[in-house]
Amino acid sequence: MAEPRYGGAYVPIDLCTDPKPDVDRKCAPGCSAAWEKYQACATRIEEKGSGECSGYYMDYFKCVDKCTAKSLFSQLA
């Protein structure tokens with residue numbers, strides 16, 4: 001398979017990898033309290049049959065993203 005050309009040079013496809021999934025996995029344990037609140041909400045919704053937990057879900061991802069940003073932005077410099 002041909003590799004994309006940029007400015008006349010071939011750039012290897014495997015050169016670019018997204019570090020965010022790995023950093024997210026490392027940051028997730030630090031946000032376990034937010035995840036537990038989301039899981040508790042999801043359990044309540046299953047029992048009750050109606051409602052939504054998007055606020056708890058977004059709180060969890062905000063926590064992960066706050067941790068992730070420190071690592072990712074330091075790699076950009």
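We did not get these values from a lab; they are worked out from the coordinates using the rules stated. These numbers come from a predicted model, not from an experiment. So basically every Cβ, Gly included, is an ideal-geometry build from the backbone, and we count neighbours across all protein chains shown.
Electrostatic bookkeeping for residue 64 treats Lys and Arg as +1 and Asp and Glu as -1; over the other residues with beta carbon under 12 Å from its beta carbon, the sum is +3. Given R0 = 25 Å, the distance between the Cβ atoms of residue 20 and residue 42 translates into a calculated FRET efficiency of 0.55.
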